[in-house]
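Heads up, the thing below is written out as structure tokens.
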Amino acid sequence: LATDPPLECSKSDFDSLLVDASGLADYGEASSELIDCARYGEVDAVRAILDVWSPGKSKDGDLPLESGQPARIVDAADASGSTPLHKACANKHSSTARLLLSRGADAHALNDSGNTPLHWAASAGGSDCVGLLLDHADALHSLGRGGRLDVLLKNGFGRSALTEAFASGDTATVQHVLNHDSAEEDRLIGGLDRKDASEGEADEVAEGKSKGAGEKSDDEKGIVHEFDFLRCSEEGEAVDSNERPTVLIRELPIKHADDPFGQAPEDDTTGLGIWCASLVMARWLASPSMVERMAGRRVLELGAGCAIPSLAAAVHGSPAEVIATDLNPETVENIRHNVELNSSTSRAAKLSAATIDWGDESTYPPDPVDYVLCSDCIYQRDIVPLLRKVVSGVLAPGGTFLYVAPDGGRDGLPAFISSMGKNGFERTGGREAPEGYRSNPLRSGDGEDCFLHFHELASTRYVLYEFRKC
């Protein structure tokens, strides 16, 4: 079980923190301060607020509950339903998370997007927090005081803690999650034994649903983001304007999130979600220099997913044609939906969705294009010859291939970049994405919302590659 970590400050400094906590006006102010302190890892300030404001410890005795507030301030929630434990885990503050758990914080708490603290800890690559959460819940379970955490429980976007751990790229985090009892092999392949599931959860886990979730239409399950790709300069400084066009994108839960690539290329559902490299590509395409270069040109995107780069090119520029392509049927249908969402603001002469099987030349468009776009599509070395083949097959001589990817962590990426610099192609550019390309792209400017959905954007270095077909 988690126990209180030792004081990090001196006794006199902690006494001052207790005085500060006692001076908070009411429960609302105290809970807001607690959430902020947990977010920034101010463990002794969190300790002081809990000492003063927890029921039975208040200077005025037990605190009267206001309508809608939790019985314990340790589980106070912000406007999105996130608790202090969510905030501490999202920012890898393991000492703060340990203190909160020791004081009774609910490790199973779901925020409005269906994320538990474990989702956020795994997403951030916080191996210490992940191990702490799993061990603490297991210890409570052994004492008959609650259920174990489920690393396969999906949030509202169809992503489990296991999915988030793999996406984080942190080996220790992945190891913690894979070693947990809830990641047994039979559950990973969908063979959940009902007696092994927590009470009332077997059917939901077996069908890949979050607790309490019923069948929903794509519109109900998805979320529509509004992007303003020019709200910041390349240096990351805010640009004032209310007249810029925006791009609307529907993101859907990734199907089979713990095996999203499936057994065949057409089973790959990763394109239903938004990947941060596509946001960087979109910002690049929205820049004035790229808008000028692509004017009147034919553009095709491979592995388009939600088609963010394609739509950014169509909305911000004036290409002759933009074709967003993928292979999975549900992904292509979602591309069509996103094309329709932006049809009134697109300046492309023609904007469409299409199915392309990279290995089947009969699915390629009949006429070559001037620009081919692709974002972060190399995850395995064996994809390299396939991607090179389709780029060569659809791109006109003298045409340009643009590729955006993280600067590391992708098996096969160095081989792909090397292969694209010879044998009929030449590399004409390669630079790190400017800071502004990694800034918050949401029109609302909501930093919490950006972190929730696109936490890798600001913390990852991306490279903008450019090649010309000779």
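The values are calculated or read from the model by the stated rules, or taken from the named source; none is laboratory data. Since the structure is predicted, the reported quantities are computational estimates derived from the model, not experimental observations. Note: ideal-geometry Cβ built from the backbone for every residue, glycine included; neighbour counts use all protein chains shown. Note: accessible area is taken over every heavy atom of the protein model, side chains too, but ligands, DNA and RNA are not part of it. Shrake-Rupley method; radii C 1.70, N 1.55, O 1.52, S 1.80 Å.
To the nearest 10 square angstrom, how much accessible area does Arg72 have with a 1.4 angstrom probe?
Accessible area of Arg72: about 100 Å².
What per residue convex hull volume, in Å³, do the alpha-carbon atoms of the chain yield?
162
As an exercise, identify the GluC sites (Glu not before Pro) in the stretch 291-379 lying in DSSP coil whose Cβ has no more than 15 other Cβ atoms within 10 Å.
Within the stretch 291-379, no GluC sites (Glu not before Pro) qualify (loop, at most 15 other Cβ atoms within 10 Å).
Select from Ser32, Thr116, Val247 the residue farthest towards the positive end of the dipole of the chain; place +1 on Cβ of Lys and Arg, -1 on Cβ of Asp and Glu, and compute about the Cα centre.
The one lying farthest along the dipole's positive direction is Val247.
To the nearest 10 square angstrom, how much accessible area does Arg39 have with a 1.4 angstrom probe?
Result for Arg39: roughly 80 Å² accessible.
Would you mind checking the pairs Lys154/Lys389; Lys11/Lys154; Lys350/Lys469 and listing those with alpha carbons more than 31 angstrom apart?
Distance filter (> 31 Å) returns Lys154/Lys389; Lys11/Lys154.
Taking just the alpha carbons, could you work out the radius of gyration and Dmax for the stretch 359-448, both in angstroms?
My reading of the Cα-based Rg and Dmax gives 15.4, 46 Å.
Rounded, prolate or oblate: which one fits the stretch 352-397, using the alpha carbon gyration tensor with axes a ≥ b ≥ c (rounded when a/c is under 1.5, else prolate when a/b beats b/c, else oblate)?
Prolate shape, in that a/c is at least 1.5 and a/b is the bigger ratio.
With a ≥ b ≥ c taken as the square roots of the eigenvalues of the C-alpha gyration tensor of the stretch 315-470, please select rounded if a/c is under 1.5 and otherwise prolate if a/b is larger than b/c or oblate if it is not?
Verdict is oblate for the stretch 315-470.
If you place +1 on the Cβ of every Lys and Arg and -1 on the Cβ of every Asp and Glu, how big does the dipole about the Cα centre of the chain come out, in debye to the nearest 20?
Its charge dipole is roughly 1400 debye.
With a 1.4 Å probe and all protein chains in place, put Phe166, Phe451 in order of accessible area, largest first.
Phe166, Phe451
With a 1.4 Å probe and all protein chains kept in place, how do Ser418, Ser287, Ser168 rank by accessible area, largest first?
Ser418, Ser168, Ser287
Which three extents, in angstrom, do the Cα atoms of the stretch 422-470 have along their principal axes, listed largest first?
46, 19, 16
If contacts are Cα pairs under 8 angstrom and at least 6 residues apart, what is the relative contact order of the chain in percent?
10
Solvent-accessible area of Glu234, probe 1.4 Å, all protein chains present, reported in Å² to the nearest ten, please.
Counting only protein heavy atoms, Glu234 exposes about 70 Å² to solvent.
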